[in-house]
Amino acid sequence: MLPPKKAAKKAVKKAAKKPAGRHHDKHHQANDLRRAYEHMGRLEILRKSHKSLTADAVGELTKLAQKEIEGGHHKDAADLLRASEHLSFAALAGDSHGSTRISAELEQSITEHFDELTRRADEHWEGHTGQSSILDALYQSSRRSAVRAFKDRDYHQALEFARAAEALAHVKQGGPLKLERGHKDLQLKGA
């Protein structure tokens, strides 16, 4: 066993030889890479356009969120607004899948994350009965659009639609939302 002073010097030398950021395993590094890819995509999307194809859906979700806030259901309001934000990004993403080549590692991480988002959305949505027609239509449309965009390899749009569906699945079906039946059927336009 080395004396404490020599052991400390050896540990410092060993740590200096390791590349920076080495504390992450490969899975965490892939997730960080995917997150950076998504953030860059969002910034590019915002730079390109402020026009939204989902203006009706966003408007309806905003109205529902305001009613939820008035009813003291702040978590549901936040989830509705989070879904609205993701729908906006999905609409702005449009058909951008051909603009960036991605590595197999990044594609695998994206696929794993997409599968996780859709699994969570489906699990949370399963217990919902008597949903408002608006919420049900937007959830179903978001899920279909996510799958369609993913199949088209439009990963930015697919992940945003999947996040929107997951956020909508977290909304509890109580209070003002139960009163929102009979509105027009809203369909989102995907890739």
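The values are calculated or read from the model by the stated rules, or taken from the named source; none is laboratory data. In this text, all values refer to a predicted model and were calculated from it rather than measured experimentally. Note that we place each Cβ from the backbone using ideal geometry, even for glycine, and neighbour counts take in every protein chain shown. Note: accessible area is taken over every heavy atom of the protein model, side chains too, but ligands, DNA and RNA are not part of it. Shrake-Rupley method; radii C 1.70, N 1.55, O 1.52, S 1.80 Å.
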Worksheet item: Taking only pairs six or more apart or across chains, which ones have beta-carbon atoms under 8 Å, a first residue in segment 56-80 that is under 15 Å from residue 134 (Cα atoms), and a second residue that is of a type in the set (Phe, Trp, Tyr) and open to solvent by less than 40 Å² (accessible area, probe 1.4 Å)?
Response: none
Item to complete: Considering only residues that are surrounded by fewer than 24 Cβ atoms within 10 Å (Cβ to Cβ) and aliphatic (A, V, I, L, M), look in segment 136-168 and name the one that is nearest to residue 72 (Cα to Cα).
Response: 137
